[in-house]
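One structure is given below, encoded as structure tokens.
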Amino acid sequence: MLKKIGTGLLFVILAFFAFIYVQKGKIEENITALLKENAEHLQVKQVALHFFPTPAVELQDFAYNVVENQLNQGQFRANFILAKLNLLPLLTGNVEFNGVEVVQGSLYYKAKDLAPNGQKHAQNTPHFQHIQLNLSLKSSFSLHSLGDALAKFSTSPKAEKLSLPEMSLSLSVQNAQNDQFDLQGVFHFVDSPTSSSASLLRQLNFSQLQSQILLKNQPLFNTHKINLSAQNGRLSWVGNDRYQLELENISFNQLALNSMTLQVQESPVLSATMQARQSDNAGISLSLRQQKESYMAGYHWEIQGEQLSLADWLAAFNVPQMVSGKTNVKVRLFSQDFLPRVGDFSFNIKDGKVSGINLLQLISQYAPINVDPASVNEKAIETSFDVAQAQFQWQPDLLKVTQAKMLHQYFVMEGQGVADLTQGTCDFRSQIALNNPNYRALALPVHFFGDCQSPEYKLEINRDFRQQLKDFIKEKLR
């Protein structure tokens, strides 16, 4: 009896594996046929179907070519792509995908026009490399649907409406400068309400967006890490070479923003505009334009902000928080490889504070100042002010203050200096004059140095100050 049962089980097992083998051959034939249909754009060295431990199609040495027009073309390569399959449909010979994994991918962008530095794009250097992607579909996607999608995308990648299921995506990639980009979220292609119009063709909705950029070489201001998350958002294709990105409930390096809208135009040159709201009264606008002329090649940024919390924005970029208050700001930034590297700033700050020093206490040691003692907290290590204006230049590691002026009820301070962002140290020379008409011609020369958030200071009795003091005494003796 046991022998008959064992023989029966062996027969069933052999029949099952024979069935699997036959189905495997049919499925591989279908996949090979699909690859041949798209051979103009898609090349694969080897195709293998695995049932264990997880059903999947493995594409080794994968390459996919996309030609936008006669000038621009791109190629995506990967060591291998693993297309994960549903088991039950597979047993009946139907191929339904439920996920994709990409290992060691590279993206090449070949253009016949000039790069921002005036040189031709290197065709053998990937613009993005070490691409790792893991994509899980919320519903299955058949092999037939994949063939239709590839045909449509190859013909017109921006205009065709692809019917794709909702997907969870995790992406990791490095650019040519070895900066690291990571992205996670839930994405879904939808037909927008005006999708029949030529002005709006496709829309990608997403939620639970989490992204991070690690800058390996040069920091952005004083941070090597940029974190951006959004609860909801959408990316729309708006006409040819135009896109619109909308984000809601945003966190940028722990700085909360209510909303952001970004519009991008790819041609004739790359340009972008952005509007973001921090509150009803506070917002920021940005414009970006690519310049290709040899004498001013690169990317030029212009930013304006209104009623921004200065301390929050300094913290977002890991800049020492020397000054706080509500500020209006104008910024110009310049770069060669998209991320800004240098620029100049203009600040107008109201009702703010300088951290780390009590200027009223400092002044009272050297000049008569008519201050109500009850209004002065000698233990406070900060100084409030009414209005402050500052202009400075940003370099990768330095802030060079070219002009700064602070207006206080009892004094006016002007000066210049530098802040070392990597060390967190400042070197600032100032002139402090009393608002008292009797002493307005006498300005204290004070040198601030050391830790930006708790600076030391020294009264510098130089030639100019001695001359001021002589003139002041002569005036009083008349």
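The values are calculated or read from the model by the stated rules, or taken from the named source; none is laboratory data. The model shown is predicted, which means the values in this text are computed figures rather than measured ones. Cβ sites come from the backbone with ideal geometry, for glycine too, and all protein chains shown count toward neighbours. Ligands, DNA and RNA are excluded from the accessible area calculation, which covers all protein heavy atoms including side chains. Shrake-Rupley method; radii C 1.70, N 1.55, O 1.52, S 1.80 Å.
Mind checking which residues of the range 227-246 are under 13 Å from the mean Cα position of the chain (by Cα) and of a type outside the set (Ser, Thr, Tyr)? Within the range 227-246, 227, 228, 230 qualify. Of everything in the range 293-310, what is within 26 Å of residue 256 (Cβ to Cβ), small (Gly, Ala, Ser) and open to solvent by 20 Å² or more (accessible area, probe 1.4 Å)? Give them in sequence order. Correct list: 309 only.
Looking only at the range 209-242, count every residue that is within 25 Å of residue 279 (Cα to Cα) and aromatic (Phe, Trp, Tyr) and tell me the total. Counting residues in the range 209-242 that are within 25 Å of residue 279 (Cα to Cα) and aromatic (Phe, Trp, Tyr) gives 1. Checking each residue in the range 41-60 for being loosely packed, with under 13 Cβ neighbours inside 10 Å and at pLDDT 80 or above picks out 45, 46. Which ones in the range 421-443 are within 44 Å of the chain's Cα centre (by Cα) and not β-branched (Val, Ile, Thr)? Matches in the range 421-443: 421, 423, 424, 426, 427, 428, 429, 430, 431, 433. With the structure loaded, tell me whether residue 198 is of a type in the set (A, V, I, L, M) and either at pLDDT 90 or above or assigned to a strand (DSSP E or B) (or both) or whether it fails that test. No: the conditions fail for residue 198. When restricted to residues that are within 14 Å of residue 181 (Cα to Cα) and either open to solvent by less than 30 Å² (accessible area, probe 1.4 Å) or in a strand (DSSP E or B) (or both), the range 217-233 contains 5.
Among the candidates 251, 285, 279, 267, the residue that is of a type in the set (S, T, N, Q), surrounded by fewer than 17 Cβ atoms within 10 Å (Cβ to Cβ) and within 24 Å of residue 353 (Cα to Cα) is uniquely 279.
Of the set (1) open to solvent by 50 Å² or more (accessible area, probe 1.4 Å); (2) at pLDDT below 90; (3) under 25 Å from residue 315 (Cβ atoms), all apply to residue 464 but (3).
Here residue 344 meets the list (1) among the charged types (D, E, K, R); (2) open to solvent by 50 Å² or more (accessible area, probe 1.4 Å); (3) modelled with pLDDT of 90 or more almost entirely, failing just condition (2). For the range 440-455, the tally of residues that are at pLDDT 90 or above and open to solvent by 30 Å² or more (accessible area, probe 1.4 Å) stands at 2.
Okay, residues lined up against (1) part of a helix (DSSP H, G or I); (2) surrounded by 15 or more Cβ atoms within 10 Å (Cβ to Cβ); (3) in contact with a helix residue (DSSP H, G or I) (Cβ under 7 Å, 6 or more places away or on another chain); (4) at pLDDT 90 or above:
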{"site": "362", "(1), (2), (3), (4)": "yes, yes, no, no"}
{"site": "402", "(1), (2), (3), (4)": "no, no, no, yes"}
{"site": "412", "(1), (2), (3), (4)": "no, yes, no, yes"}
{"site": "418", "(1), (2), (3), (4)": "no, yes, no, yes"}
{"site": "423", "(1), (2), (3), (4)": "no, no, no, no"}
{"site": "433", "(1), (2), (3), (4)": "no, yes, no, no"}
{"site": "438", "(1), (2), (3), (4)": "yes, no, no, no"}
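From the list 266, 248, 302, the one residue that fits, being in contact (Cβ under 8 Å) with a residue 12 or more places away in the chain, within 21 Å of residue 184 (Cα to Cα) and not hydrophobic (A, V, I, L, M, F, W, C), is 248.
Has the range 315-329 got at least one residue that is in contact with a Pro (Cβ under 9 Å, 6 or more places away or on another chain), farther than 30 Å from residue 452 by Cα, open to solvent by 30 Å² or more (accessible area, probe 1.4 Å) and not in a helix (DSSP H, G or I)? No, the range 315-329 contains no residue that is in contact with a Pro (Cβ under 9 Å, 6 or more places away or on another chain), farther than 30 Å from residue 452 by Cα, open to solvent by 30 Å² or more (accessible area, probe 1.4 Å) and not in a helix (DSSP H, G or I).
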